[in-house]
Amino acid sequence: IIIDNGSQATATFNLFEKYLTELGGKFNVVRHDIPFNFSKLVNYGVDVAKGEIILLLNNDTQVIGPPDWLQEMIGFAQHPEIAGVGCKLLYPQDNTIQHAGLISGIAGIANHGHKHSPANSTGYFNRLALVANYSAITGACLMVKRTLWEEVNGFDENLAIAFNDVDFCLKSLQLGFRHVVLPQVMFYHHESKTRGLETTATQKKRLAQEEAYMKTRWKKVLQHDPFYNPHLTRHSEDFTLNPESIYSCGREADSWLRKAWKMIGMVKFL
């Protein structure tokens, strides 16, 4: 199902016709010309869909593999304790990682762990080689059960552009579900290829409003992501140690050693 929001290029319409001819009823284009609101468009698309499993997929993504990637994702999505299922997204320019799971509260509201790591990197404690839990997954490629989608009422339409995927994942997390990222499923992500970057004064104001909305709603989890070690940095996505935390641990260890040494000095050896 393609949700078409204001397409104008002849090449786009020609592509639609090509797939309508080749796929027939398996391919559906729904025009929805509203002022761009990603959450509203996604919610509308899910309403049009009839399946029990929903896959959100940006138009700027490109499958790498494996050939059975869809089945692999569905296998996890059907698990009763799993909400969102994501994959590894790569930058096409240099084959480095754009997304392999979102971490709440680092370098802003949420950012991508292992960003710019090589595609074949095993990551922090092999997290890029294993199916791992994260507090959130990007909506660029996100699979979820329809029943859960409806339970949390889909994407929050107050978040028109940014953080709607993070908000959705945190709502699911709050209900006791887990999210997983499958490292064996890979896509290229031509990030922001369609809409471009947020650079105007109006766009920046809207982004600030959405950031404030998230900070108010999710203050606790933004301060401590349950799937991220609190002794790691909150300023970048590279899993380096937090120097302030190291100093704090050092003082605690020094205090403990002093107490232990004092106790040893009090022991009478027979």
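The values are calculated or read from the model by the stated rules, or taken from the named source; none is laboratory data. Keep in mind that what you see is a predicted model, and the values were worked out from it rather than measured. All Cβ positions, glycine included, derive from the backbone under ideal geometry; neighbour counts span all protein chains shown. We work out accessible area using only protein heavy atoms, side chains counted, and drop any ligands, DNA or RNA first. Shrake-Rupley method; radii C 1.70, N 1.55, O 1.52, S 1.80 Å.
How far apart, in nanometres, would the label points at residue 153 and residue 4 be if each is projected 7 angstrom from Cα along the Cα-to-Cβ direction?
Here the modelled spin labels are 3.2 nm apart.
Taking a ≥ b ≥ c as the square roots of the eigenvalues of the Cα gyration tensor of the range 100-238, is the shape rounded (a/c under 1.5), prolate (a/b larger than b/c) or oblate?
rounded
Report the net charge of residues surrounding residue 214, where surrounding means a beta-carbon distance below 11 angstrom and charges are Lys +1, Arg +1, Asp -1, Glu -1.
Local charge sum for residue 214: -1.
Expressed as a rounded percentage, what relative contact order does the range 99-151 have, with Cα pairs under 8 Å and six or more residues apart?
36
How much mean residue ellipticity at 222 nm does the chain get from its helices, if each DSSP H run of length 4 or more adds -39500 (n - 2.57) and you divide by all residues, to the nearest 500 deg cm²/dmol?
-11000 deg cm²/dmol
May I ask for the percentage of alpha-carbon pairs in the range 1-91 that lie more than 19 Å from each other?
Within the range 1-91, distances greater than 19 Å cover 54 percent of Cα pairs.
Just to confirm, what accessible area per residue do you get for the range 1-120 at 1.4 Å probe, in whole Å²?
Accessible area per residue: 53 Å².
Along the range 137-154, what does the Karplus equation 6.51 cos²θ - 1.76 cosθ + 1.60 (θ = phi - 60°) give for ³J(HN,Hα), rounded to whole Hz, x for Gly and Pro?
9, 5, x, 5, 8, 9, 10, 7, 5, 4, 4, 6, 3, 6, 5, 9, 6, x
Taking the full set of protein chains and a 1.4 angstrom probe, give the accessible area of residue 15 in square angstrom, rounded to the nearest 10.
Surface accessible to solvent at residue 15 totals approximately 80 Å².
Quote the relative contact order of the range 135-220 in percent (integer), defining contacts as alpha-carbon pairs under 8 Å separated by 6+ residues.
Answer for the range 135-220 is 33 percent.
How much length would be gained if the chain were fully extended between residue 220 and residue 93, taking 0.36 nm per residue of separation minus their Cα-Cα distance, in nm to one decimal?
Fully extending the segment from residue 220 to residue 93 adds 42.1 nm.
Mind checking the angle between helix 38-48 and the chain's longest principal axis? C-alpha axes, 0 to 90 degrees, to the nearest 10.
On a 0 to 90 degree scale, this one is about 60.
Of all the accessible heavy-atom surface of the chain, with the other protein chains kept in place and a 1.4 Å probe, what percent is carbon and sulfur?
Percent of accessible area from carbon and sulfur atoms in the chain: 56.
How high is the relative contact order of the range 1-150, in percent, with contacts defined as C-alpha pairs under 8 Å that are six or more residues apart?
24
Mind putting a number on the dipole of the chain about its Cα centre? Charges go on the C-beta only, +1 for Lys and Arg and -1 for Asp and Glu, and I need it in Debye to the nearest 20.
1040
How high is the FRET efficiency from residue 11 to residue 242, r the C-beta distance, R0 41 Å, rounded to 0.05?
Approximately 0.25, to the nearest 0.05.
In degrees from 0 to 90, rounded to the nearest 10, what is the angle of the helix 243-266 Cα long axis to the longest principal axis of the chain?
For 243-266 against the chain, the angle is about 30 degrees.
In degrees, nearest 10, range 0 to 90: what is the angle between the Cα axis of helix 201-217 and the longest Cα principal axis of the chain?
Here the helix axis deviates by roughly 50 degrees.
Please compare each pair in 115/205; 26/115; 50/115 to a cut-off of 30 Å on the Cα-Cα distance and tell me which ones are over it.
26/115; 50/115
Just read off the accessible area of residue 31 with the full protein assembly in place, 1.4 Å probe, to the nearest 10 Å².
110
State, to one decimal in nm, how far the label point of residue 146 lies from the label point of residue 71, with both points 7 Å from Cα in the Cβ direction.
Between residue 146 and residue 71, the label points sit 2.3 nm apart.
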